[in-house]
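Written out below as structure tokens is the structure these notes cover.
The values are calculated or read from the model by the stated rules, or taken from the named source; none is laboratory data. Predicted model, so just to flag it, every value in this text is computed and none were measured. Neighbour counts are summed over all protein chains in view; Cβ atoms, including those assigned to glycine, are modelled from backbone coordinates with ideal geometry.
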Amino acid sequence: MDLSVQKDKLPVHVGFIMDGNGRWAKKRGLPRSLGHKEGAAVFKKIADYCLDLGIKYITFYAFSTENWKRPADEVNAIMDLFDAYLDDVGKYAAKKTRIVFLGDKAPFRKSIRDKMIDIENKTRDFDAMTLMLAMNYGGRDDIVRAAKKAVQLASEGYLKPEDITEDMFSKLLYTEGMPDVDLVIRPSGEYRLSNFLIWQCAYAEYYFSDVLWPDFKTADLDKALEEYASRNRRFGGV
Ligand code: IPE
Ligand code: IPE
Ligand code: MG
């Protein structure tokens, strides 16, 4: 770890859009599922590196609300990976990392859902780092769900229109209590958010790279952090 970025210039919350697994496999004549497997290994390496660097919040986009429309065999392969990965997650608990899942758990198979709930419960009080896994996550779904909660509270008499502020509304999102995203990293040469944390990224900095996610190295993260440290964030001021 020889990162030249000063600690106070590190982002508090980094979001990773793990894209390019399929193209990585295709380039090698492998099935797309092997690209996802390699991508999952890279995810673990990068999450560990973030903990070493002292980054407090990291979010990985693992599966979007739109990804269900992929062919059934690919979706199944991804679900099998989730099932296997969630068994392995105990080592993060040992590192005192809190793990939170963003997205509706209902559409997942029971074995996955049970593990997600168990992991969230077991790591709830850990604070070395918070690792969020966006699984069946969509930014629009997040906002619509929050709006439904607000309407529900209002209909029960707990909420008036004037009570709704940006802060209050943020607390109804899946990321309840987490800081906004400071830096979004998207590899694979695509320049879009693809429905990732659209509310939470309102003032994020963006770092795009042509590297495919399974090829993403700690040195690529160093580069993104160095670039982030040199940016001038104004938040609408001067
Ligand atoms: C990202 O890799 C993983 C998921 C969306 C689940 P892709 O599967 O989108 O890889 P490409 O974009 O087809 O290369
Ligand atoms: C975004 O990647 C979702 C995840 C990385 C989980 P996609 O591959 O689904 O995004 P698009 O289709 O290129 O926008
Ligand atoms: Mg993709």
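Which of the residues belonging to segment 84-127 are farther than 28 Å from Leu172 by Cβ and assigned to a helix (DSSP H, G or I)?
Once the filter is applied, which keeps residues that are farther than 28 Å from Leu172 by Cβ and assigned to a helix (DSSP H, G or I), segment 84-127 yields Ala84, Tyr85, Asp87, Gly90, Lys91, Ala94, Ser111.
Working only within segment 1-21, note down all residues that are surrounded by fewer than 22 Cβ atoms within 10 Å (Cβ to Cβ) and within 16 Å of ligand 2 (Cβ to nearest atom).
Scanning segment 1-21 gives a single hit, Asp19.
Select from segment 151-197 the residues that are of a type in the set (A, V, I, L, M, F, W, C), in a helix (DSSP H, G or I) and over 22 Å from Leu102 (Cα atoms) and list them in ascending order.
Answer for segment 151-197, where residues must be of a type in the set (A, V, I, L, M, F, W, C), in a helix (DSSP H, G or I) and over 22 Å from Leu102 (Cα atoms): just Ala154.
Answer yes if at least one residue in segment 182-191 is more than 13 Å from ligand 1 (Cβ to nearest atom) and in contact with an Asp or Glu (Cβ under 7 Å, 6 or more places away or on another chain), and no otherwise.
yes
Inside segment 24-47, can you point out the residues that are charged (D, E, K, R) and crowded, with 16+ Cβ neighbours inside 10 Å?
Within segment 24-47, Arg32, Lys37, Glu38 meet the criteria.
Anything in segment 170-205 that is of a type in the set (Ser, Thr, Tyr), within 15 Å of the chain's Cα centre (by Cα) and surrounded by 17 or more Cβ atoms within 10 Å (Cβ to Cβ)? List them, or say none.
Tyr174, Thr175
Answer yes if at least one residue in segment 22-42 is over 16 Å from Arg98 (Cα atoms), acidic (Asp, Glu) and in contact with a strand residue (DSSP E or B) (Cβ under 7 Å, 6 or more places away or on another chain), and no otherwise.
No, segment 22-42 has no match at all.
Within segment 180-209, which residues are within 16 Å of ligand 3 (Cβ to nearest atom) and of a type outside the set (A, V, I, L, M)?
Arg186, Pro187, Ser188, Gly189, Glu190, Tyr191, Arg192, Ser194, Asn195, Phe196, Phe208, Ser209
Taking into account only those residues within segment 9-25 that are more than 7 Å from ligand 1 (Cβ to nearest atom), outside any loop (DSSP other than H, G, I, E, B) and not small (Gly, Ala, Ser), which is farthest from the chain's Cα centre (by Cα)?
Restricting to residues being more than 7 Å from ligand 1 (Cβ to nearest atom), outside any loop (DSSP other than H, G, I, E, B) and not small (Gly, Ala, Ser), the top hit is Lys9.
Quick one: in segment 210-238, which of the residues that are within 16 Å of ligand 3 (Cβ to nearest atom) and either modelled with pLDDT under 95 or in a loop (DSSP other than H, G, I, E, B) (or both) is surrounded by the fewest Cβ atoms within 10 Å (Cβ to Cβ)?
Among them, the one singled out is Asp210.
Of all residues in segment 40-81, count the ones that are within 16 Å of ligand 3 (Cβ to nearest atom) and charged (D, E, K, R).
Of the residues in segment 40-81, 4 are within 16 Å of ligand 3 (Cβ to nearest atom) and charged (D, E, K, R).
Please work out which residue is surrounded by the most Cβ atoms within 10 Å (Cβ to Cβ), limiting yourself to segment 54-77 and to residues that are more than 10 Å from ligand 1 (Cβ to nearest atom) and in a loop (DSSP other than H, G, I, E, B).
Here the answer is Ile55.
Could you say which residue among Leu51, Leu81 is more than 17 Å from Thr218 (Cα to Cα), of a type outside the set (Ser, Thr, Tyr) and in a helix (DSSP H, G or I)?
After ruling out the rest, the residue left standing is Leu81.
List every residue pair whose Cβ atoms lie under 6 Å apart, where the two residues are 6 or more positions apart in sequence or sit on different chains, the first residue falls within segment 115-141 and is farther than 15 Å from Glu176 by Cα, and the second residue, located anywhere, is in a helix (DSSP H, G or I).
Lys115/Leu86; Lys122/Ala93; Thr123/Ala93; Met129/Leu51
Taking Ser33 as meeting all but one of (1) part of a helix (DSSP H, G or I); (2) over 17 Å from the mean Cα position of the chain (by Cα); (3) at pLDDT 95 or above; (4) over 15 Å from Tyr85 (Cβ atoms), write down the number of the exception.
Every listed condition holds for Ser33 apart from (4).
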